[in-house]
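Written out below as structure tokens is the structure these notes cover.
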Amino acid sequence: MFLAGMLAGIALLGLVIYIRYKNIDIRWYEWLLGALGIGLLLFTLQNMDAALKEHWEGTHLTFLLVFGAPALVLIALSAALPFLRSLIRKKQINNPDSTSAK
Amino acid sequence: MAKYHSTVSRRDFLKALGLSGAGAGIASILPPFSNQPIRDLDELMSLPIAGMKRPSWVKIVEKPTVEIDWPQIQRFDYHHVMWASGLKRALGSQQYDQVFVDARVNRRTWIAENRPGSTLKDVAIKEANHYAPVSFIGPQTSPTPESLQVPRYVGTPEENARMVTAFLRLHGASHVGFVELDTNTTEKLIYSYDTGVGEKQGPRLDILDWDVPVENLEEGYRIIPKKARWVIVYTLRMADELMKRPITEVGDRSHYYMYNLKSLLQGQLQNFMRTLGYMCLGEAANFNALGVHTGFAVMAGLGEMSRIGHVITPEYGIQQRVQMVITDLPLPNGKPVDFGLHVFCKTCKKCADLCPARAINPATEPSWDNGGLFYRATGIKRWWLNEPLCNAYLRRVNGCATCFAVCPYSKRHNMSYNDLFRRSVATNPALNRFWRKADDLFFGSGIHADADKFWELDLPPFGYD
């Protein structure tokens, strides 16, 4: 878990540096979705690892399905929303008449 | 230009992070205090093992969660329990004898069939018992303060509690608690007749205003001096990997090896107390004697009473044996705890659902009505088991304890899920039904079906970490 925590910390630091460098606009709810997703993913990984240590057959897969899948959805959403927004903005910049016409 | 702040390059920072991480990692796997030799008893008492820190969601309460009507409680005769003469009386001689015939046939058949968990090597591990001699008075082999020509040890009740806890935990106990005997309440948890040999009536236990304990087995009595007012109650944890494989011979070892340890530990404790200058009256039987263990464990605050009548602790669930001694060393009086278990048992019922003998009461509410049966105590509101059915079944199959295996509390603490579950039960009982369903979803019955896999496991000492 120590290693997982350290890797998660480094990944988060890298993400923040990347976001600042690229000047990506991220809303508060996207941070929240991402934090929830990462928290749920760490919870899933910890429980899967412990379930295997305790010789619970199949339990680790149930954890993966019940907590891991929503965790990935949340993380994907938090990454996709800023990306989609930047795509829309790019379209608007390239085609300024499309908004003013409306 | 002068540097007003020390600068660290990104590379140095990551290097330092890695080194400190490695340091923390190594520190976490080293045994605690490995570089601190214990020089005297005071240092031993100051170690964290001498006091057990309970989880924050365990509440200390004035009354136990199980309802007790103390005026109705009578001191119980151990002779009536199923492990003494109770089963024979309840079933009748013919049926009783048949139980043991069935047990022998089952054992032979299952060995011949190579049934997983009940092969010859599994029978061998279960029967690998070796007990140190246990007695009421103790081994009496350590020096006394008189023989050392020194005054006896004197400490405050709190110091004494810490010392006894340090001693017991060092020698293998998990929980240690204390109960001060009160004539109108807790003293009634001492048996009226102690455990006998086999089905024979045991000696009477008299609590009298005497200076020293007396044992006279020819005339059939033991005397507990009135000045011995404190009960030390402790638990010995059982291996999860054995417990999780019930209705097998190997699974049943989980109980016996802790009774083996108890026989050794009790004598050590009695000798320890003797050298301090105090009496320590022990159980004169390998399994259960002297008093109602669950009752004392509940009153001392080790755990709560469960649907099956065993104590469940917040830390290890149902997976421990409870043992006791009586002493005149002054000790503080423990208080019961509430971590939501009793309420959880009302909705969970997993043990009742999966009991192969159908001997566990599935009613939602516990009852005062003991059915007037001779083998049941009075004055306690509980879920009454069908004891003869339970005991006959587990003897027939040479060991059951399915209820231990399936209990949602019978999980280790590796999974953060289980801590979340325990915390929720303690603080938010409205979610209890959800947690039972979640336990079914994640752990199924809670039983490890691969009984033969036990032999391939790389287990830590005593089978638990």
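No lab work stands behind these numbers, since they all come straight from the coordinates. None of the values given here were measured: they were computed from a predicted structure. Methodologically, a virtual Cβ is constructed for each residue, glycine included, from the backbone with ideal geometry; neighbour enumeration extends over all protein chains shown.
Summary of computed values
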read-out	value
Positive-end residue, chain B charge dipole about Cα centroid, Cβ charges, pick of B:F442, B:W83, B:I68	B:F442
Charge tally in the Cβ shell below 11 Å around B:N288, where Lys, Arg are +1 and Asp, Glu are -1, B:N288 excluded	0
Entries of B:K346/B:K381; B:K53/B:K350; B:K53/B:K381; B:K53/B:K262; B:K244/B:K346 with Cα pairs more than 20 Å apart	B:K53/B:K350; B:K53/B:K381; B:K53/B:K262; B:K244/B:K346
Set B:K126/B:K335; B:K126/B:K188; B:K335/B:K411; B:K63/B:K349 screened for pairs whose C-alpha atoms are more than 31 Å apart	B:K126/B:K335; B:K126/B:K188
Shielding by other protein chains, B:412-421, mean Cβ within 10 Å	5
For segment B:331-427, projected area of the alpha-carbon convex hull averaged over all directions, nm²	9.0
Separation in nanometres of the label points that stand 7 Å from Cα toward Cβ, at A:L87 and B:S56	4.3
Projected-area mean, the protein assembly as shown, by convex hull of Cα positions, square nanometres	39.0
Charge tally in the Cβ shell below 9 Å around B:N418, where Lys, Arg are +1 and Asp, Glu are -1, B:N418 excluded	+2
Longest site-free stretch - chain B; sites: GluC sites (Glu not before Pro), DSSP loop, at most 16 other Cβ within 10 Å	B:220-465
Gain upon complete extension [B:Q94, B:I125; 0.36 nm per residue less C-alpha separation]	8.1 nm
Inter-chain Cβ neighbour average for residues B:438-445, partner chain, 10 Å	3
Theoretical gain in end-to-end length, B:S416 to B:Q201 [0.36 nm per residue, Cα-Cα removed]	72.6 nm
Per residue Cα convex hull volume in Å³ - calculated over chain A	105
FRET efficiency, A:D25 to B:L264 (Cβ-Cβ, R0 41 Å, nearest 0.05)	0.05
